[in-house]
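Every number in this text was worked out from the coordinates using simple rules, so none of it is lab data. Owing to the predicted nature of the structure, the values given are computational and were not obtained by experimental measurement. Virtual Cβ from ideal backbone geometry, glycine too; neighbours counted across all protein chains shown.
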Amino acid sequence: MEKLKTNLENLNRAFPDQFTQDQIAKAKTLFLKKLSEFAHKYYGGKIQVVPKAPVVGFNWFNVWYTPGVSIVSTEIRANNDRSYDLTNRGNLVAVVSDSTRVLGDGDCTPPGGLGVMEGKAFLMKYLGGLDAVALCIDSRNEKGENDPERIIQFVKMCQHSFGGVNLEDISQPNCFRVLDVLREECDIPVWHDDAQGTACVTLAGLINALKLTGKKLKDARIVLYGAGASNTTIARLIITDGGDPTKMILFDTKGSLHSDREDIRKDTRFYRKWELCETTNPGKIKTMEEAMKGADVLISLSTPGPETIKREWIRVMGPKSIVFVCANPVPEIYPYAAREEGAYIVATGRGDFPNQVNNSIGFPGILKGALLVRARKITDSMAIAAAHSLANYAEKRGISPENIVPTMDEAEVFPQEAADVAMQAIKDGVARVEMTHKEAFKKAKHDIEESRKMAKSMTECGFIEAPPESMIQEALDWAIQKVTA
């Protein structure tokens, strides 16, 4: 058992030597949750607003505000697109949620989502060079029901202050309508990270996993466990990128999706699920036990917890099987258990296990690319371009069964992804401005480097304090006590 340093590296070694793998996995989850609670309280959240322009004399207040700023208002009135030049709009994202499905914790009430939404804003700034603001809203109508129309109306009303909108943690089926309407009716890109973001990064991981196993996407037999916003969009992107829907089977809480599922057909709110009922699982296989026999890939985004995916399901998969278990905060089966049952490649949504298939390597670069060319929307082909950008980046620097996608600390991946997305936006005809790939890469890289340098400088100058070691130790002791109790 080693003393844990503030950088939290070698986390496994911080637990007692006699701990089993299962105890270490549980202790890590408990430790990270408790440390997160302590750290958020210590810092009062993780986002603040700071000026980007100087005050070099008293009269500069009259430049940045009245009377000088009046000309900014009239210039934008004459041409709304000037708001991208004269304000921060072109580099500003709204992170919008009604907090009805926050991670694996369900409805957390509107302010309950602030920690996650501030987290998205934190990563956008540090990884993508974007500014972002968390907007957690109450979507309940007069009947007390969460109403998608309220979210739609809110975003349409506030879109003029932002270059893009990141939707987050909106429960199904509301999430489907909210995204589809806003993508078409807003004049800025609206992105649902739980759906499109998860799908993009999952596709990237799948592309490289299949390369390592010598299999092709069009031939792969794929089982998707869970049929919410994430997996339904994953299925759609896989099919769009060349996957065979007749070799795919999805499961929701009531069983497999197929054309006899009248409950889905009759509920028009679940139109995205019904599309997949019509195109996947033509054999109408009904059980996981049958579906998993000989399957090449399992992609699970369902109920958190290490007993959700059964060992015996993994055991009957085909040779060199690929298992993505990406529920947060706890995967549906621990990676070591899946590998013990024969899985060749295992990915989760967590950074403390190999192969973190997490939106964090997707949305900062994707949104940056969209905003660079002032895109009006983010198309499915832009998301697929991002997936291939991530996969190609990882392949060039080397991939292995425990390293199939880039990680958040590979800074170069984000400007590359941003530039590839920007080029696809131009190709799709949704960009307001055009630039070369080199220009997009250079601008994205500059902004990301500036964000990182600013964070580093603020830390070195004492404006951001290092976390106290006593706080880390207290969280560690608490987790160990909980596991051994």
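Okay, helix-only estimate at 222 nm for the chain: each DSSP H run of n ≥ 4 adds -39500 (n - 2.57), divide by all residues, round to 500 deg cm²/dmol; what do you get? Numbers along the way, then the final one.
Values: 19 runs with 220 residues, N = 485.
Helix-only estimate at 222 nm: -14000 deg cm²/dmol.
Select one label from [x] 27.0; [y] 25.0; [z] 50.6: the one whose number is mean projected area of the Cα convex hull in nm² as derived from the coordinates shown.
[y]
Count charges around P406 for me, please; just the other residues with Cβ under 12 Å from its Cβ, Lys/Arg as +1, Asp/Glu as -1. Don't skip to the end; give the middle numbers.
On the way: positive: K396, R397; negative: E395, D409, E410, E412, E417.
Computed value for this residue: -3.
Which percent, nearest 5, of DSSP beta bridges in region 293-433 are antiparallel?
On the way: 1 of 10 bridges.
Roughly 10 percent of the beta bridges in region 293-433 run antiparallel, per DSSP.
Sorting D409, D420, D352, D296 on the 10 Å Cβ count, fewest up front, what's the list?
Values: D409 8, D420 25, D352 15, D296 22.
With the sparsest Cβ surroundings first, the list reads D409, D352, D296, D420.
5 Å is the cut-off here: which amide hydrogens, built 1.01 Å from N in the peptide plane, fall below it relative to R350, excluding neighbours closer than 5 in sequence?
For R350, the qualifying residues are V357.
Please work out the FRET efficiency for the pair K52 and L11, using the Cβ-Cβ distance as r and a Förster radius of 35 Å; give the result to the nearest 0.05. Write down the numbers at each step before the final one.
On the way: r = 36 Å, r/R0 = 1.02.
Step by step, r from the Cβ atoms, then E = 0.45.
Quick one: dipole size for region 192-435, taken about the Cα centre, charges +1 on Lys/Arg Cβ and -1 on Asp/Glu Cβ, in debye to the nearest 20. Could the numbers behind the result be given before it?
Numbers: 31 positive and 31 negative charges, 98 e Å.
Charge dipole, region 192-435, about its Cα centre: 480 debye, nearest 20.
Could you check what % of the DSSP bridge pairs in the chain are antiparallel, to the nearest 5?
On the way: 4 of 34 bridges.
So the antiparallel bridges amount to about 10 percent of the total.
Give me the number: length gained by fully extending Q21 to R82, i.e. 0.36 nm times residue separation minus the C-alpha to C-alpha distance, one decimal in nm.
Values: separation 61, 0.36 × 61 = 21.96 nm, distance 5.67 nm.
Length gained between Q21 and R82: 16.3 nm.
Would you mind getting me the FRET efficiency between H446 and T246? Use the beta-carbon distance for r and R0 = 41 Å, nearest 0.05. Present the calculation step by step, with values, prior to reporting the outcome.
Working: r = 46 Å, r/R0 = 1.13.
Using R0 = 41 Å, I get an efficiency of 0.30.
Order by neighbour count: L11, L114, L130, L179, fewest other Cβ atoms within 10 Å first, most last.
Values: L11 16, L114 20, L130 27, L179 24.
So the residues, fewest neighbours to most, are L11, L114, L179, L130.
Rounded to the nearest 0.05, what FRET efficiency do D267 and K310 have when you use their Cβ-Cβ distance and R0 = 45 Å? List each step's numbers first, then the result.
Numbers: r = 29 Å, r/R0 = 0.64.
That pair, D267 with K310, gives E of 0.95.
Putting +1 on Lys and Arg Cβ atoms and -1 on Asp and Glu Cβ atoms, find which of A455, P54, P354 reaches farthest to the positive end of the dipole of the chain.
Towards the positive end, the residue furthest out is P354.
Quick one: C461, C200, C175, fewest Cβ neighbours within 10 Å first, how do they rank? Don't skip to the answer; put the middle values down first.
Details: C461 8, C200 34, C175 27.
Exposure proxy ranking, most exposed first: C461, C175, C200.
Determine the dipole magnitude for the chain: charges of +1 sit on the beta-carbon of Lys and Arg, -1 on that of Asp and Glu, nothing else is charged, the reference point is the Cα centre, and the result goes in debye to the nearest 20. Display every interim value, and only then the final one.
Values: 61 positive and 64 negative charges, 126 e Å.
Once rounded to the nearest 20, the dipole reads 600 debye.
Can you say what percent of the DSSP beta bridges in region 158-268, counting only those with both residues inside, are antiparallel? Round to 5. Spell out each step's value before the answer.
On the way: 2 of 9 bridges.
In region 158-268, DSSP labels about 20 percent of beta bridges as antiparallel.
Put +1 on the Cβ of every Lys and Arg and -1 on every Asp and Glu Cβ in the chain; which of S161, M292, P173 then has its Cα farthest towards the positive end of the dipole?
M292
Stretched out fully, how many nm does the piece from S259 to E402 gain, at 0.36 nm a residue minus the Cα gap? Numbers along the way, then the final one.
Numbers: separation 143, 0.36 × 143 = 51.48 nm, distance 3.72 nm.
Extra length from S259 to E402 when fully extended: 47.8 nm.
So how far apart, in nm, are the two label points at S161 and E149 if each is 7 Å from Cα heading toward Cβ?
2.4
Does anything in region 256-271 have its amide N under 11 Å from the 7 Å Cα→Cβ label point of K286, and if so which residues?
Those under the cut-off are 256.
Please work out the Cα center distance from region 12-88 to region 372-424, rounded to the nearest Å.
First find each Cα centre; the distance between them is then 23 Å.
Might you report the magnitude of the Cβ-based charge dipole of region 60-188 about its Cα centre, with Lys and Arg at +1 and Asp and Glu at -1, to the nearest 20 debye?
Details: 12 positive and 19 negative charges, 61 e Å.
It works out to roughly 300 debye.
Between I71 and Y43, what is 0.36 nm times their sequence separation minus the Cα-Cα distance? Round to one decimal in nm. Please report the intermediate quantities before stating the final value.
Details: separation 28, 0.36 × 28 = 10.08 nm, distance 3.83 nm.
Difference between extended and current length: 6.2 nm.
Taking 22 Å as the cut-off for C-alpha to C-alpha distance, list the pairs among K52/K453; K34/K310; K247/K286 that go past it. Show your work: numbers first, answer last.
Details: K52/K453 14 Å; K34/K310 28 Å; K247/K286 14 Å.
Where the Cα-Cα span goes over 22 Å, the pairs concerned are K34/K310.
Provide the packing ranking of 334-347, 18-31, i.e. peptides ordered by the mean count of other C-beta atoms within 10 Å per residue, highest first.
Numbers: 334-347: 20.9, 18-31: 17.4.
Descending mean neighbour count gives 334-347, 18-31.
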